[in-house]
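Chemist: Once you've had a glance at the structure underneath, I'll fire off some questions.
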Amino acid sequence: MDEVPVTVTCRVLKLARQPYHRRLDRPVADAVLQEPCRANALFDAHRDDPGCATASWPMKRVMPGLA
């Protein structure tokens, strides 16, 4: 795979190089990277649970007079 230099990438995306290099000095913590995966796992488990009745609940009208 061909790599694009940071200078070119930053110029094309109209970004400064300094924040990129600063970001390399402070990597993202593992907990921050795992958080979206955990949230997706919880969401998928809830959605795929056959005992979850929320999908079969009838929608209630907030104001019965309005159609």
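Each value in this text was obtained by applying a stated rule to the coordinates, not by laboratory testing. Remember, predicted model here, so these are calculated numbers, not experimental data. Note that we place each Cβ from the backbone using ideal geometry, even for glycine, and neighbour counts take in every protein chain shown.
Chemist: Hey, with R₀ at 22 Å, roughly what FRET efficiency would Arg23 and Glu3 work out to, going by the Cβ-Cβ distance, to 0.05?
Modeler: So the FRET efficiency works out to roughly 0.80.
Chemist: Hey, another quick one. First select every other residue whose beta carbon is under 15 angstrom from the beta carbon of Val6; then total the charges, Lys and Arg +1, Asp and Glu -1.
Modeler: Result for the local shell: +2.
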